[in-house]
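What follows is calculated from the coordinates using simple rules that are stated; it is not laboratory data. All figures in this text were calculated on a predicted structure; none of them were measured in a lab. Note that each Cβ is placed from the backbone with ideal geometry, even for glycine, and that neighbours are counted across all protein chains shown.
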Amino acid sequence: IEDQLEDNSASTSLDPVNTSGKMVKKPMAKKPSLLDRAKSARMSSKTLDTARRISASTHGLPTHSRTRSCHANIPWYLKPAVPAFFNLLNSAMRWASLVYVAASVAEMLISGMELVLSVCATRLVRGRKITWVRWVGVLVVTLGIVLVGVFDTNNVAGGETNDESTVNKQIIGILLILGQSVMSVIQDLTEEVFMQETAFPPPLLVGMEGAYGIVIAIILYFPIAPLLGENPSDVASSLSKDNVIGLAIGWTLLVTVTGIFNIAATAVTSSMTRNVWKNMRTLLVWIMGLILFYATGSSELGEGWYIPGSFFILLSYGVMCVGIFIYYGKGARAT
C-alpha cells in the first residue's frame with residue numbers, strides 16, 4: 001500500500017497553478033492518514049479495506065516502518081514460528097514462577113512488567129510516539145511493581161518467617177517473572193508487526209503458532225526433561241488417564257479461545273493496549289484465589305488474606321492501577 005501511494009502521489013506532486021517550473025514554497029499541511037491517502041488514490045475496495053484495518057492501529061507510528069527489513073525476507077509460513085518460540089519460553093517461565101510466587105502476586109508483577117517493557121519496546125523498535133503523560137503512567141506502574149516485589153520478598157503477605165531459603169525462592173520467582181515478561185513482550189511485538197505490516201489473519205496466526213509450538217516443545221522436551229529429573233515415559237502413562245485427558249482438552253480449548261481474543265485485540269489496537277488491560281486480570285485471579293482458599297481451607301489451591309501483609313500488597317496494586325489510569329485515561333487524551 002505504501003509503495004502504491006508513493007507512486008500515485010509522485011504524479012500529482014507539482015502545483016497545477018504554477019507553470020513556470022520554479023519551486024513554490026507551500027504552507028505545511030496536516031499529514032493525511034494512510035486511509036485518507038488510499039481513498040484519494042482511488043484504490044480498489046480490497047486495498048481500502050486493508051488500509052482501513054491498518055490505519056486503526058498505527059497511531060503514533062512513523063511513516064516508514066522500522067521493522068519492514070526484519071520480516072520482509074521471512075516466508076509467510078515461517079512467520080508464526082517466531083512468536084511461537086517466544087510464547088513457549090514465556091509459558092515455561094510463567095508456570096515455573098508459580099512454584100515460588102503466589103498467583104495473585106505473579107499476576108501483578110507480570111502485568112505490570114509487561115506494560116512497562118512493551119511501552120519501551122514499541123518506542124525503541126517501532127518508533128511509536130509516547131506522550132509524556134503516558135510516560136508518567138509508566139513510572140507510576142513501575143513504582144507499584146517495586147513495592148509489590150519488596151513486600152513479597154519480605155513475605156509480609158504470607159505471614160512467613162523471613163529466612164534465607166524463603167527469600168531466595170521469592171527472588172528466583174521474581175527473576176522468572178522478569179524473563180517471562182521479556183519473552184511475552186517480544187511475542188506480542190512480533191504478532192503486532194506481522195498482523196499490521198503484513199496483514200496476517202489473526203485466527204490463522206493463532207493456529208499456526210499452536211502447531212509450531214507443539215513441534216518446538218516436543219523437540220526440546222525429550223533432551224531437557226532428564227536434566228530436570230523427569231522421565232518422559234511417566235508423562236506418557238499419566239496421559240492415558242481419563243481425567244488428565246479431559247483437563248488437557250479443556251485447557252487447550254481455553255488457551256485457544258483466549259489466544260484468538262488476545263491476538264484480535266492486538267490487531268486492532270497494539271501490544272501496549274493489550275498489556276494495559278492484562279492488569280485487570282490480576283484482580284480476578286486474586287478474588288478466585290481467596291474464594292478457593294476459604295472454600296477448601298487449602299493453601300495449595302488458593303491464598304488467604306493476611307493482616308497486615310495483604311493490605312500492603314493491595315496498596316501496591318492500587319499504585320499500579322493509578323499508573324494504568326494515568327496511562328490509558330489521561331494519556332489517551334494528551335497530545
Suppose R0 equals 30 Å; then what is the FRET efficiency for SER237 and ALA265 from their Cβ-Cβ distance, rounded to the nearest 0.05?
0.15
Can you tell me how much longer the chain between PHE222 and MET288 gets when fully stretched, taken as 0.36 nm per residue apart minus their C-alpha distance, in nm with one decimal?
20.3 nm
For ALA295 paired with LEU315, estimate the spin-label separation in nm (one decimal), with each label point 7 Å from Cα along the Cα-to-Cβ line.
3.1 nm
Protection proxy ranking of 231-237, 309-315 - average other beta-carbon atoms within 10 Å, highest first:
309-315, 231-237
Determine, for each peptide in 138-146, 122-130, 190-198, the mean count of other beta carbons within 10 angstrom over its residues, then list the peptides with the highest first.
190-198, 138-146, 122-130
Spread of Cα-to-Cα distances over 10 Å intervals beginning at zero, given as percent, for segment 169-242:
15, 28, 34, 21, 3
Return the sequence-ordered ³J(HN,Hα) values of segment 91-105 in whole Hz as given by the Karplus equation 6.51 cos²θ - 1.76 cosθ + 1.60 applied to θ = phi - 60°, using x for Gly and Pro.
5, 4, 5, 5, 5, 5, 5, 5, 6, 10, 10, 4, 4, 5, 5
For segment 191-197, Karplus couplings with θ = phi - 60° (6.51, -1.76, 1.60), whole Hz, Gly/Pro x
5, 4, 5, 5, 6, 8, 9
Whole-angstrom gap from segment 184-208 to segment 283-332, using each part's C-alpha centre
31 Å
Applied in sequence order to segment 140-153, the curve 6.51 cos²θ - 1.76 cosθ + 1.60 (Karplus, θ = phi - 60°) yields integer Hz couplings, x standing for Gly and Pro, of 5, 4, 4, 4, x, 4, 4, 5, 4, x, 5, 5, 5, 5
